[in-house]
Amino acid sequence: MHESTTDVFQFIMIKIGGYILSFKDAVSWARRRYPDLDIYDEGLIPNIIEDHLLFAEGMEVICTVTIREHRKLFCVFVTHIADDPYATQTHFAPFPLDDSAISLRQKLFPLKEDSDKLEFVTISDPSDKGY
């Protein structure tokens, strides 16, 4: 009997976890935290933040974009990335809020006004959502 390609290959879902901020809040946070940072295009804020953290502070933090409700753009400060063969777009195990995620939050968002806006999320199939 001939097997179909879907029987042979198991599709693996990628999921990411991290802290999420609206674009507006990410721009405000970057301006407060790094007043000399050249934010030449607010649409590129994830890239600007990521580059600044790497080159100025030696922190390798992935800051990416996701599209959420009402097609709004959000920045995700990624703390976890994994392949999950059991995940679907709507059913997956969330990442735990572990010590490394808490440490990143404390380093990047020490002010209450910033940390109160953060939400720790897990996003399955981020490529479908803008990643």
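Overview of values
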quantity	calculated
Single residue of Phe120, Phe95, Phe74 found to be at pLDDT 90 or above, in a strand (DSSP E or B) and not hydroxyl-bearing (Ser, Thr, Tyr)	Phe120
Helices (runs of 4 or more DSSP H) enclosed by segment 1-60 - at least 2 residues per element that are open to solvent by 40 Å² or more (accessible area, probe 1.4 Å) and modelled with pLDDT under 85	5-8, 45-57
Test: residue in segment 112-122 that is basic (Lys, Arg) and without any contact (Cβ under 8 Å) to a residue 12 or more places away in the chain	yes
Residues satisfying the stated conditions in segment 61-89, i.e. over 12 Å from Thr122 (Cβ atoms) and either among the small types (Gly, Ala, Ser) or loosely packed, with under 12 Cβ neighbours inside 10 Å (or both)	Glu69, His70, Arg71, Lys72, Asp83, Pro85, Tyr86, Thr88
Selection count, segment 86-105, where residues are over 23 Å from Phe23 (Cβ atoms) and either of a type in the set (Gly, Ala, Ser) or out of contact with any strand residue (DSSP E or B) (no Cβ under 7 Å at 6 or more places or on another chain) (or both)	11
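The values are calculated or read from the model by the stated rules, or taken from the named source; none is laboratory data. Note that the coordinates shown come from a computational prediction; the quantities given were computed from them, not determined experimentally. Cβ atoms come from the backbone with ideal geometry, glycine included; neighbour counts cover every protein chain shown. Ligands, DNA and RNA are stripped out before the accessible areas are found, and what is left, the full protein with its side chains, is counted by its heavy atoms. Shrake-Rupley method; radii C 1.70, N 1.55, O 1.52, S 1.80 Å.
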